[in-house]
Amino acid sequence: MAVVRKNISQNADVRDQYIQGVQLLKNEASGRKTNEFGIPGAARSVSTYDLFVIWHVTAMMLETPPGNPAGRNSAHRGPVFAPWHRVMLMLFEQNLQRLLNDANFGLPYWDWAEDGDLPPQQQSAAAIWGADCMGGQGNPVTTGPFAFSQSDPSAFRVRISTNISGELRSVNRGLRRAFGVSADALPRTAHVTHALALSPYDSPDWDADTNSFRNRIEGWMNDEGVSATWLHNLVHVWVGGEMLLGSSPNDPVFFLNHCNIDRLWESWMTRNGRVYVPDMTAGADLKGHRIDDPINSPLGRSATPRETLDVSEIYEYDALP
Ligand SMILES: [Cu+2]
């Protein structure tokens, strides 16, 4: 039976389970060590949670094809953006179900457009940033379940980050957020509505300059079809801190943002059909973004975009926009 993914701001039980699950995942040794991923310094144990951080950084560093001027990588700036993150979220959800010992747990989403409809100066006071939810901002964050504690090594710590070149590095510090510093306000409901009306899913040149649904939700294009920080990207930039980096899954809010993006994609497919482009007739320079190309993960078997188009037996959303 499909699990139901719910709005974190409206479901305290799911919210509490999510927090507990993240903490369990963060403290579970994956059996892998930092040196296996080419991270310099003494070999350290990598938590299961941090495997998702490493996976995301590695995917960002893998340009598809190598050296392409559009900066397309194996998870972003191209069609595979939505399926790639769907695979990541499904594996994250499975791991949370396992550690929570609850097969009915569904990953919650953050409907950030609800907060984006508030005046900008009120957005950082929204329920999601309460001490009983994701906690607030700071360097380090000092409130909520992921607050930094100097004296308690089992409290939430960022252990894997990136250097200025985007390469993986070992660190040991608190979580960082800076709301509204790099962008004034979150996306609004009207922006979501406009994005959902767009088709096709994606189009040539399959990059950050195309005015397609995928590129709009990923957030390289604004409502006027102009290059801008928008929707998914805007949420990353507004939250700031960890969320600005390739290691952005370090902030548990990453998964709530992506779950909402996945929800928008699901909504789009209920209107436009479970269709995806490009197919396998596309050239080898789109390898990694075509419908039957594998999406590889260090956490499970690979999946293809085609396999992600209908997941209705695995999960559904309590409400679609
Ligand atoms: Cu990503």
Of the residues in the range 111-147 that are outside any helix (DSSP H, G or I) and of a type in the set (Val, Ile, Thr), the one that is most open to solvent (accessible area, probe 1.4 Å) is Thr142
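Among the residues of the range 260-281, write down those that are of a type in the set (A, V, I, L, M) and either within 16 Å of the ligand (Cβ to nearest atom) or free of Cβ contacts under 8 Å to residues at least 12 places away in the same chain (or both).
In the first step, residues of the range 260-281 are kept if they are of a type in the set (A, V, I, L, M); the result is 261, 264, 269, 275, 277, 280.
Once the filter is applied, which keeps residues that are of a type in the set (A, V, I, L, M) and either within 16 Å of the ligand (Cβ to nearest atom) or free of Cβ contacts under 8 Å to residues at least 12 places away in the same chain (or both), the range 260-281 yields Ile261, Leu264.
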Can you tell me which residue in the range 42-60 is farthest from Ser170 (Cα to Cα), limited to those that are open to solvent by 10 Å² or more (accessible area, probe 1.4 Å) and out of contact with any strand residue (DSSP E or B) (no Cβ under 7 Å at 6 or more places or on another chain)?
-> Thr58
Note on Asn257: of the conditions (1) within 14 Å of the ligand (Cβ to nearest atom); (2) more than 12 Å from Arg77 (Cα to Cα); (3) surrounded by 24 or more Cβ atoms within 10 Å (Cβ to Cβ), unmet is (3)
Has the range 216-226 got at least one residue that is modelled with pLDDT of 95 or more and in contact with an Asp or Glu (Cβ under 6 Å, 6 or more places away or on another chain)?
-> no
Filter pass, Gly67 being within 16 Å of the ligand (Cβ to nearest atom), at pLDDT below 95 and either farther than 20 Å from Gly106 by Cβ or open to solvent by less than 50 Å² (accessible area, probe 1.4 Å) (or both) | no
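Residues checked against (1) within 16 Å of the ligand (Cβ to nearest atom); (2) surrounded by fewer than 20 Cβ atoms within 10 Å (Cβ to Cβ); (3) not charged (D, E, K, R):
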position	(1), (2), (3)
Arg176	no, no, no
Ala190	no, yes, yes
Pro200	no, yes, yes
Glu218	yes, no, no
Ala228	no, yes, yes
All but one of (1) closer than 20 Å to Arg173 by Cα; (2) assigned to a loop (DSSP other than H, G, I, E, B); (3) touching a residue at least 24 places away in the same chain (Cβ under 8 Å) hold for Ser161; which doesn't?
-> (2)
For residues in the range 84-109 being open to solvent by less than 20 Å² (accessible area, probe 1.4 Å) and out of contact with any Leu (no Cβ under 8 Å at 6 or more places or on another chain), which is nearest to the ligand (Cβ to nearest atom)?
-> His85
Any idea which of (1) farther than 23 Å from Gly21 by Cβ; (2) open to solvent by 10 Å² or more (accessible area, probe 1.4 Å); (3) away from the ligand (no atom under 13 Å from the Cβ); (4) not hydrophobic (A, V, I, L, M, F, W, C) is the one Gly246 doesn't satisfy?
-> (3)
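Could you list, in sequence order, the residues of the range 297-316 that are part of a strand (DSSP E or B) and either under 19 Å from Asp262 (Cβ atoms) or over 20 Å from the mean Cα position of the chain (by Cα) (or both)?
Ser297, Gly300, Ser302, Ala303, Tyr315, Glu316
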All but one of (1) in contact with a helix residue (DSSP H, G or I) (Cβ under 7 Å, 6 or more places away or on another chain); (2) over 18 Å from Val253 (Cβ atoms) hold for Gln94, so report the exception by its number.
-> (1)
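The values are calculated or read from the model by the stated rules, or taken from the named source; none is laboratory data. The model shown is predicted, which means the values in this text are computed figures rather than measured ones. Cβ coordinates were reconstructed from backbone atoms using ideal geometry, including for glycine residues, and neighbour counts include every protein chain displayed. Heads up: the accessible areas ignore ligands, DNA and RNA and are worked out on the full protein's heavy atoms, side chains in. Shrake-Rupley method; radii C 1.70, N 1.55, O 1.52, S 1.80 Å.
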